[in-house]
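Note sheet for the following structure.
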Amino acid sequence: MTVYESADQRGDLAFRRTSSVRVWDLPTRVMHWSLAAGIAICWWTGIHNELQYHLYGGYAVLWIALMRIYWGLVGSSTARFVNFVRGPRAIMEYVRTLHQRSSDYTHGHNALGAISVLVMLGLALGVVSLGLFAVDVDGLYSGPLSVYVDFHTGRHLAHLHYRVFRYLLLAIGLHIFAVMFYYAYKRHNLVVPMISGRRAADPGEGKELHVAPLWRLALGAVIVTGIVWATTTSFYFQ
């Protein structure tokens, strides 16, 4: 047995790898941190009753979430849902390896990370959608789509907006806990790659990011901007 054959020592080697591999493209990283910032702004403006800025924050979150869904369909390899969303069997097989400190890196989102991405994106869109129809008590800062519902329905949707946002915060808390678990127990640093775009890799590891062309990003930005703009105007174009 060599000095490197214990599981704990193999896990510690993850911090000392000398080579690296690209894993996240710039649009994915920008959307990730922008969505986190947008949700934080919505939380702060909500609890401080800064409802005008709360609306702007909601529009920003809507734009980012829709762009992330678009990028998950046509974007770079690790951003595409088809490359990381797995079925129940694959998820259970991955769960069985969580106790192994020496488990290999996943190139992109792992099976559980995929669930986290879908849940947080779904909740973010759900919160924003409810807010678009929500009616403010004094009517000054109601959502732009509140014109399509009556006052009672709009107030009910406003309460649901607040309740679902609490679920979103819970999902974010679980996500942060998972990142801490991977760092402390499995010796996998998930934060740095989402900043730099690269992660540590064994020498000769062949996986590499396949970057989508810039025109796809530009096309998506135009489409999503049009959708968000139309939403802010209550789809009233005259």
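The values are calculated or read from the model by the stated rules, or taken from the named source; none is laboratory data. As the structure is a computational prediction, the values presented were derived from the model and not from experiment. Note that each Cβ is placed from the backbone with ideal geometry, even for glycine, and that neighbours are counted across all protein chains shown.
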Pairs, please: C-beta under 8 Å, at least 6 apart or cross-chain, first residue over 19 Å from SER129 (Cβ atoms) and in the stretch 47-58, second assigned to a helix (DSSP H, G or I)? GLU50/TRP44; TYR53/ILE41; TYR53/THR45
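Quick check, is TRP215 surrounded by fewer than 16 Cβ atoms within 10 Å (Cβ to Cβ), within 30 Å of TYR141 (Cβ to Cβ) and at pLDDT 90 or above?
No.
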Apart from one, (1) under 30 Å from VAL23 (Cα atoms); (2) of a type outside the set (Ser, Thr, Tyr); (3) surrounded by 19 or more Cβ atoms within 10 Å (Cβ to Cβ) all hold for ASN189; the odd one out is (3)
Provide a single number: the residues in the stretch 210-223 that are under 12 Å from PRO27 (Cβ atoms) and of a type in the set (A, V, I, L, M, F, W, C). 6
Please tell me if ARG187 is of a type in the set (Lys, Arg) and either in contact with a strand residue (DSSP E or B) (Cβ under 6 Å, 6 or more places away or on another chain) or in a helix (DSSP H, G or I) (or both). no
Within the stretch 77-94, residues assigned to a loop (DSSP other than H, G, I, E, B) and touching a residue at least 12 places away in the same chain (Cβ under 8 Å) come out as PHE84, VAL85, ARG86
Qualifying positions in the stretch 97-122 - at pLDDT 90 or above and either charged (D, E, K, R) or assigned to a helix (DSSP H, G or I) (or both): ALA111, LEU112, GLY113, ALA114, ILE115, SER116, VAL117, LEU118, VAL119, MET120, LEU121, GLY122
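Matching residues to (1) touching a helix residue (DSSP H, G or I) at 6+ places or on another chain (Cβ under 7 Å); (2) under 15 Å from ASP25 (Cα atoms); (3) not acidic (Asp, Glu):
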residue	(1), (2), (3)
THR45	yes, no, yes
ASN49	no, no, yes
HIS54	yes, no, yes
GLY58	yes, no, yes
ARG68	yes, yes, yes
PHE81	yes, yes, yes
ILE91	yes, no, yes
HIS99	no, no, yes
GLY108	yes, yes, yes
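Might you let me know whether the stretch 174-189 holds any residue that is basic (Lys, Arg) and out of contact with any Gly (no Cβ under 7 Å at 6 or more places or on another chain)? Outline the logic, then answer.
From the stretch 174-189, those basic (Lys, Arg) are 186-187; that's our starting set.
Among the residues that remain, those that are also out of contact with any Gly (no Cβ under 7 Å at 6 or more places or on another chain) are: none.
No, the stretch 174-189 contains no residue that is basic (Lys, Arg) and out of contact with any Gly (no Cβ under 7 Å at 6 or more places or on another chain).
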Out of the residues in the stretch 79-136 meeting the condition of being polar (S, T, N, Q) and within 29 Å of ARG216 (Cβ to Cβ), tell me which one is surrounded by the most Cβ atoms within 10 Å (Cβ to Cβ). ASN110
Which of the residues spanning the stretch 21-35 are surrounded by fewer than 16 Cβ atoms within 10 Å (Cβ to Cβ) and either in contact (Cβ under 8 Å) with a residue 40 or more places away in the chain or more than 16 Å from LEU217 (Cα to Cα) (or both)? LEU26, TRP33
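Go through the stretch 134-159 residue by residue and tally those that are among the aromatic types (Phe, Trp, Tyr) and more than 18 Å from GLU50 (Cα to Cα). Full working, then the answer.
Of the residues in the stretch 134-159, the ones among the aromatic types (Phe, Trp, Tyr) are 141, 148, 151.
Then drop every residue that is not more than 18 Å from GLU50 (Cα to Cα), which leaves 148, 151.
Counting residues in the stretch 134-159 that are among the aromatic types (Phe, Trp, Tyr) and more than 18 Å from GLU50 (Cα to Cα) gives 2.
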